[in-house]
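**Q** Submitted below is the structure of interest, expressed as structure tokens.
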Amino acid sequence: MIDSEELNPRPQILIVDDSRIVRATVRKHLSAHFDLFEAADGEAGWKLLLAEPKINLLISDLTMPELDGLGLLARVRSSGDAHLHYLPVIIISGEEDEATKLRCVECGANDFISKSTDRTEMLARVQANLELAAARQELAAARGACKCIARMIN
């Protein structure tokens, strides 16, 4: 018998933060709805992204050892792999000033949340980014199908 999880797998999220406490808090907020992976720095997070192609969303701290959040974001956005290049990225940080948020968005982040964000808002932001990414993928697939049909007709 086929399990419902096999038919509709839970989205997979990678949490990259050097704080064990922050990772535990995010895990507490999201684990009931998503499968979670964790890394303690950007370099380990990058390796996990390369090793786990089914990751659907990245939540990354801004300030970390080895490779910071903007460095990780730059690698993701410059990746030749379309899945990684278009992967939704949410930056999580204790820095909440407008300049920091703007810099993150200008560098390619899809969203920004503070480390004090509550469970309801975090779930809403993650779900919204996952739904937007899925809609973009469906649109790209439909455009590809239309081009294919147009070539067949002509």
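The values are calculated or read from the model by the stated rules, or taken from the named source; none is laboratory data. Predicted, not measured: the structure shown is a model, and the values here were computed from it. When we count neighbours, we look across all protein chains shown, and the Cβ atoms used for this are built from the backbone with ideal geometry, even at glycine.
**Q** In segment 60-100, what count of residues is obtained for those that are assigned to a helix (DSSP H, G or I) and of a type in the set (S, T, N, Q)? It would help to see each step written out before you state the result.
**A** Within segment 60-100, the first condition is being assigned to a helix (DSSP H, G or I), and the residues that meet it are 69-77, 82-85, 98-100.
If we keep only those that are of a type in the set (S, T, N, Q) as well, we get 100.
Final tally of qualifying residues: 1.
**Q** If I ask for residues that are modelled with pLDDT under 60 and either under 16 Å from the mean Cα position of the chain (by Cα) or among the polar types (S, T, N, Q) (or both), which ones from segment 1-27 would you list?
**A** Residue satisfying the conditions is 4 alone.
**Q** Report whether or not residue 105 is in contact (Cβ under 8 Å) with a residue 60 or more places away in the chain, at negative phi and in a helix (DSSP H, G or I).
**A** Against the criterion (in contact (Cβ under 8 Å) with a residue 60 or more places away in the chain, at negative phi and in a helix (DSSP H, G or I)), residue 105 does not qualify.
**Q** Would you say residue 33 is without any contact (Cβ under 8 Å) to a residue 60 or more places away in the chain, surrounded by fewer than 16 Cβ atoms within 10 Å (Cβ to Cβ) and not aromatic (Phe, Trp, Tyr)?
**A** On the way: without any contact (Cβ under 8 Å) to a residue 60 or more places away in the chain: no; surrounded by fewer than 16 Cβ atoms within 10 Å (Cβ to Cβ): yes; not aromatic (Phe, Trp, Tyr): yes.
Answer is no for this residue.
**Q** Looking at 35, 17 in this structure, which one is touching a strand residue (DSSP E or B) at 6+ places or on another chain (Cβ under 7 Å), closer than 20 Å to residue 132 by Cα and not aliphatic (A, V, I, L, M)?
**A** Values: 17 fails: closer than 20 Å to residue 132 by Cα.
Going through 35, 17 in turn, just one is touching a strand residue (DSSP E or B) at 6+ places or on another chain (Cβ under 7 Å), closer than 20 Å to residue 132 by Cα and not aliphatic (A, V, I, L, M): 35.
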